[in-house]
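Here, each number is a calculation from the coordinates, and none is a lab measurement. Please read these numbers as outputs of a predicted model, since none were measured by experiment. Every residue, glycine as well, gets a Cβ built from its backbone with ideal geometry; the counts of neighbours run over all protein chains shown.
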Amino acid sequence: MQQKAVTDFSKERVIEIKHLNKSFGPLDVLKQVDLELYKGENLVVLGKSGTGKSVLIKILVGLLKPDSGSVVVLGKKVDQISYKELLALRLKVGFSFQNSALYDSMTVRENLEFPLVRNQRSISKAEKNKAVEEILEAVGLSQAINQMPSELSGGQRKRIGIARTLILQPEIMLYDEPTAGLDPITCLDINSLINEVQERFHTSSIVITHDLTCAKAVGNRIAMLLDGKFACQGTFDEVFGHKDERVKAFYDYNFIE
Amino acid sequence: MKKRGSNPAKTAKRPGKITRMFLTLFDVGQFIVRFFKEGFLPPYEGRELINQCYNIGYRSLLLISTTGFITGMVFTKQSRPSLSEFGATSWLPSLVAIALLRTLAPLLTGLIAAGKVGSSIGAELGSMRVTEQIDAMEVSATNPFKFLVSTRVLAATITIPILTFYTAMVGMLGALLNVTVNEGTSAAAFFQSSLESITFLDIIASTFKAIIFGFTIGVVGCYQGYNSSKGTEGVGKAANSSVVIAMFLIFLEEVISVQFFSLFRSV
């Protein structure tokens, strides 16, 4: 398992979360969470299922509202801006869903065109075609352009989901469990794609996962979410050299499994 | 910043049934207000609106035609014995025309559309909700309410009145067939007699009812689907409740509108 090189990123914060709390009924999901994402880095948020990892990134794009705390994305307080400002912010923040969330009544081409034509109303047909072809080439699925989502494999669906997000050229990418439900070889392909996206499109990313192979391969920095709080943050070796028994148990369980 | 434990969601008692019903009604009210606020403002989703009109209107034609034709024919057949007792079978065209236009066509079309269109909208949006396709639209800086809800509600409101008049017309053809076979009445005489009995108020009332029914079917289907949860079970529930609630509201609206328009009728 190759560990991703740790690079010294600029200290420009593109995401800044302070004292974030979120609960659903009596269940405290996120408790006083603090987190920063620096420009150009891939940050992996690791944690067991149900620890609030997906909730965290859904708050970042305004799909969920925080109970309290401050969430600043590209200089905007997500929970305090108008809907119009939120839509403008979402153009700069791509979100790749766990189950890809492709529009199943549309072909791959229509899926990719959908965000494009709605956000660039004056775009010409030639420009649209060029953008779609380029992005499909970037994710290695040019041949799937006229297929329906139901005709694609799980890995292909993930790639198209990422392509649909990238077509708007976001500054930040949020990946929700990008390797969940995929075979090990396809997982490696998706890990490579996440790294390629970081290099080619100069994005800053948060990758939500419980897959340690993925975390090691794509993460410049790892943050371990346990019981609604970040137990530790750092490089892969720093995190798993941590003395917290819960962190060690997570590591051991993943490799025994 | 709130302290832990002060979250109202955790400390508040679960509201009772009556309170929940009023909260839902308030939520539906907000949903409708949002439709009027966003549905008529640019950017317009013209292509999707046409697509939905095609889905709701054109794809319901076969069912509507069959039902309308059979209703017209059977209604005529069932009405004949009563009229013939008074030697008034010549009134059949008028009776059928009035019954179809005032009540049968709007009600039949509304109920059929509630079953076919309402369930389809509820299931489609419900499925899109649980598979995060609606969230995917949100995060790609698209307003899913405008694209999914406004277009469907508007399409239902436009197409149901058209389908209603189509049902009335097909129903009249069914009645004509029956009358021609039994009484030997010509088509010209049949239509002259039936059209003479229809007033402008009948047309206005029928159009008004059909618009309200269409709007109801669209809003109920979209509301149930757009707010569905709990996975596949939620999709089924959204489809089912879209039909049940829409049908109940259509009957209620029919009763109210009959009372309302009877105020303007001399007989």
Next on the checklist: Within 10 Å, at most 12 other Cβ atoms, and a DSSP state outside H, G, I, E, B define an exposed site. Report the longest part of chain B free of exposed chymotrypsin sites (Phe, Trp or Tyr not before Pro).
Outcome noted: B:87-263
Checklist entry - So how tilted is helix A:125-138 from the main axis of chain A? Cα-based, degrees 0 to 90, rounded to 10. => result 40
Checklist entry - Based solely on its DSSP helices, what 222 nm [θ] is calculated for chain A when runs of n ≥ 4 H residues each add -39,500 (n - 2.57) and the sum is averaged over all residues, nearest 500 deg cm²/dmol? => result -11500 deg cm²/dmol
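Give the relative contact order (percent, whole number) for chain B; include only Cα pairs under 8 Å separated by 6+ residues.
Working: 321 pairs, mean separation 81.3, N = 267.
Contact order relative to length: 30 percent.
Sort B:Leu63, B:Leu101 so the one with the fewest other Cβ atoms within 10 Å of its own Cβ comes first. Working shown, then result.
Details: B:Leu63 13, B:Leu101 25.
The order, fewest Cβ neighbours first, is B:Leu63, B:Leu101.
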Item to check | Estimated vicinal HN-Hα couplings, Hz - segment A:141-147 in sequence order (Karplus 6.51, -1.76, 1.60; Gly, Pro = x) | outcome: 9, 4, 6, 8, 3, 9, 7
Next on the checklist: Taking only Cα atoms of segment B:45-262, what ratio of Rg to Rh do you get with Rh as the Kirkwood inverse-distance radius?
Outcome noted: 1.08
Item to check | Residues whose placed amide H lies under 5 Å from that of A:Ser96, excluding near-sequence neighbours | outcome: A:Leu174, A:Tyr175, A:Asp176
Checklist entry - Where the only charges are on Cβ atoms (+1 Lys, Arg; -1 Asp, Glu), what is the dipole of chain B about its Cα centre, to the nearest 20 debye? => result 1380
Checklist entry - Using 14 Å as the cut-off for backbone N distance, which residues of segment A:94-117 belong to the label zone defined by a point 7 Å from the Cα of A:Lys76 along Cα→Cβ? => result A:94-95
Item to check | At q = 0.20, 0.29 Å⁻¹, base-10 log of I(q)/I(0) for segment B:82-147 (Debye sum, equal scatterers on each alpha carbon) | outcome: -0.85, -1.10
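Grab the DSSP H runs of chain B that are 4 residues or longer, score each as -39,500 (n - 2.57), total them, divide by all residues and round the 222 nm result to the nearest 500 deg cm²/dmol.
Calculated from helices alone, the mean residue ellipticity at 222 nm is -25000 deg cm²/dmol.
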Checklist entry - Relative contact order (percent) for chain A, with alpha-carbon contacts under 8 angstrom and 6 or more residues of separation? => result 27
Item to check | Hz values of 3J(HN,Hα) by residue in segment A:217-222 - Karplus curve (6.51, -1.76, 1.60), Gly and Pro given as x | outcome: 6, 10, x, 6, 9, 10
Next on the checklist: Angle check, please: helix B:119-130 long axis (alpha carbons) against the longest principal axis of chain B (alpha carbons), in degrees 0 to 90, nearest 10.
Outcome noted: 10
Checklist outcome for this item: Residues other than B:Val243 with Cβ under 12 Å of its Cβ, Lys/Arg counted +1 and Asp/Glu -1, net out at +2
Checklist entry - What shape does segment B:161-246 have by the C-alpha gyration tensor, where a ≥ b ≥ c are the square roots of the eigenvalues, rounded means a/c under 1.5, and otherwise prolate means a/b greater than b/c and oblate the rest? => result prolate
Item to check | Karplus (6.51, -1.76, 1.60) ³J(HN,Hα), θ = phi - 60°, over segment B:231-236, in Hz, Gly and Pro reported as x | outcome: x, 5, 4, x, 5, x
Next on the checklist: Let me check against my output: what whole-number percent is the relative contact order of segment A:1-143, with C-alpha pairs under 8 Å and at least 6 apart?
Outcome noted: 18
Checklist entry - What are the aspartates and glutamates whose alpha-carbon lies under 19 Å from the alpha-carbon of B:Lys237, with same-chain residues fewer than 8 places away excluded? => result B:Asp27, B:Glu124, B:Glu132
Checklist outcome for this item: Kirkwood calc, the protein assembly as shown, C-alpha pairs only, radius in angstrom 26.4
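Just counting partner chain Cβ atoms within 10 Å, what average do the residues of peptide B:32-45 show around their Cβ? Can you show the working numbers first?
Values: counts 0, 0, 0, 0, 0, 0, 0, 0, 0, 0, 1, 2, 0, 1.
Going residue by residue through B:32-45 and averaging, the value is 0.
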Checklist entry - By how many degrees, 0 to 90 and rounded to 10, does the Cα axis of helix A:108-119 deviate from the longest principal axis of chain A? => result 80
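Report, as an integer, the average count of C-beta atoms from other chains found within 10 Å of each Cβ along B:151-162.
Values: counts 0, 0, 0, 0, 0, 0, 0, 0, 0, 0, 0, 0.
Going residue by residue through B:151-162 and averaging, the value is 0.
Step through the table entries A:Lys22/A:Lys48; A:Lys76/A:Lys229; A:Lys22/A:Lys243, compare each Cα-Cα distance with 20 Å, and write down the pairs that go over it.
On the way: A:Lys22/A:Lys48 17 Å; A:Lys76/A:Lys229 23 Å; A:Lys22/A:Lys243 27 Å.
Check vs 20 Å cut-off fails for A:Lys76/A:Lys229; A:Lys22/A:Lys243.
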